Amino acid sequence: MTPHELDAVDPLARFRERFILPEGVIYLDGNSLGPLPRATVDAVARTVTNEWGEGLIGSWTGAGWVEAPGRIGDKIARLIGAEPGEVVACDSTSVNAFKALAAALSLNPGRATILSERGNFPTDVYMIEGLAALSGGAIQMRLVDPEALEAAIDEDTAAVLVTQVNYKTGRIRDMAETTRIAHAKGAVTIWDLSHSAGSIPVALNEARADLAIGCGYKFLNGGPGAPAWIYVAQRHQGAAHPALTGWFGHARPFDFADEYEPAEGIARFQCGTPAVLGLAALECGVDGLLEADMADLRAKAVALGELFVRAMAPLCEPHGFVLASPADSALRASQISYAHPDAYAIVQALIARGVIGDFRAPDILRFGLTPLTLRHADVARSVEILGEVMERGEWDRAEYRTRKAVT
Ligand SMILES: *Cc1c(COP(=O)(O)O)cnc(C)c1O
């Protein structure tokens, strides 16, 4: 079937019009900042104008602000194979990484190593470094190559912080298998699902995962800097200590007691006052995603990836692109990456032509294939434009070589 024929029978086609997408742009970066759902515009305006403007402080209870982190957490739980009461929406992924690491250590006292992989998303590694430094030498970080991760788990490993979908390559790690190996050695797993939640089917509880964290602004379409989320398996919630023991994780915050007493359940993983405006936008993004069938999302992401790879094949050798994602679509999430020595300039030239992908240092062109908004025809057209950019040498200009602060 041609891309247009595929679009005509696409069960997700109706979702595209629910987003605001600028004319003339093909957005292949929904994995980095999800596009704006139309519903979000009104919902945020309502939260600002009615709930904040009119309701003032009464909206904490009157408009459900105080329940928003747990309510949205329960919705995110449905996307990641968790139960209600296991997820809370709060803070950033980086902050949640810290809380998850500290909780894992509290579940595994007597062990001193936190294991992660080289090439992991940097903030995960930096947060481990910070925690290790704070421990004054009691805790050490160990980084190994991704393929060596499972074999490196040993009797001193307290926690393994691992990303299910690699942010550069889109490679999917086998969650059940890694978790099984970690548990056999007595280690606690922390899954970073920033590129998994809302993108591929995730089965945290089925895999017996322990803790997980993830972003709100990528596939969940929660908006720039959206609150993130944290999952703690129910069986661990009583014993897990979040370390960032803010008053919103207290059993009774409005007692204003001198002593900290953790809330029951996932609520103890909140720290300070919820970011209400951000949560309002996040909830819209999650609600929209929950209307789509995860099997349809996955099938379309695979189809878009295969279409991209097929269309790229004739460009690779002549222009020096090397597929940096797994060739097997079963191992690839909703993105496709190519390595090229001039990746940055090529991405800039593509953006100038209205094809928005992104660059990841040192040499990766990364294209997000988000099934809610992209048509097969968009993917085919993107590769056509990339071909033109290469044939005409459009990328080879000084202005495309200067790196911006955000790539
Ligand atoms: C995007 C991303 C993050 C981002 O963390 P923030 O605290 O939101 O900046 C963390 N981990 C992974 C794997 C990511 O892809």
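Observations on the structure shown:
- Protein heavy-atom surface of the chain, 1.4 angstrom probe: 56% of the accessible area is carbon and sulfur, with nucleic acids and ligands not counted.
- Ordering of 248-256, 177-185 by burial proxy (mean other Cβ atoms within 10 Å per residue, highest first): 177-185, 248-256
- Once both labels are positioned 7 Å from their Cα atoms along Cα-to-Cβ, the gap between Asp255 and Leu290 label points is 3.1 nm.
- Oblate is the label for the chain. Its Cα gyration tensor axes, ordered a ≥ b ≥ c, give a/c of at least 1.5 and b/c at or above a/b.
- Global geometry of the range 289-390, whether rounded, prolate or oblate, following the gyration tensor of its Cα atoms and the 1.5 cut on a/c: prolate
- Extension gain, Leu134 to Val9: 0.36 nm times the residue separation minus the Cα-Cα distance gives 39.5 nm.
- Under the criterion of Cα pairs below 8 Å and six or more residues apart, the relative contact order for the range 70-117 equals 26 percent.
- Per residue, the solvent-accessible area of the chain (1.4 Å probe, heavy atoms of protein chains only, all protein chains present) comes to 42 Å².
- C-alpha center-to-center spacing [the range 1-52, the range 320-371] in angstrom: 21 Å
- Gain in span if fully extended, Ala330 to Arg71, counting 0.36 nm per residue against the direct Cα distance: 90.0 nm
- Note on Asp363 and Asp396: their simple-model spin labels are 1.8 nm apart, each label 7 Å out from Cα toward Cβ.
- Shape call, the range 1-49: gyration tensor on alpha carbons, a/c limit 1.5: prolate
- Dimensionless Rg ratio for the range 1-136, taking C-alpha atoms and the 2.2 N^0.38 Å reference: 1.47
- All Cα-Cα separations within the range 163-277 were binned at 10 Å from zero, giving a P(r) of 13, 37, 34, 15, 2, each value a whole percent of the pairs.
- Those residues of the range 341-359 whose amide nitrogen sits under 16 Å from the label point placed on Val322, 7 Å along Cα→Cβ: 341-344
- Mean residue ellipticity, 222 nm, helices only, the chain: the sum of -39500 (n - 2.57) across DSSP H runs of n ≥ 4, divided by residue count and rounded to 500, is -10500 deg cm²/dmol.
- Between Thr407 and His236, the simple spin-label model (points 7 angstrom out along Cα→Cβ) gives 3.3 nm.
- Dipole of the chain [Lys/Arg +1, Asp/Glu -1 at C-beta], most positive-end residue of Ile153, Pro227, Ala398: Ala398
The values are calculated or read from the model by the stated rules, or taken from the named source; none is laboratory data. Just so we're clear, the structure is a prediction, and the values are computed from it rather than from any experiment. Cβ: placed from backbone, ideal geometry, glycine included. Neighbour counts: every protein chain shown. Ligands, DNA and RNA are stripped out before the accessible areas are found, and what is left, the full protein with its side chains, is counted by its heavy atoms. Shrake-Rupley method; radii C 1.70, N 1.55, O 1.52, S 1.80 Å.
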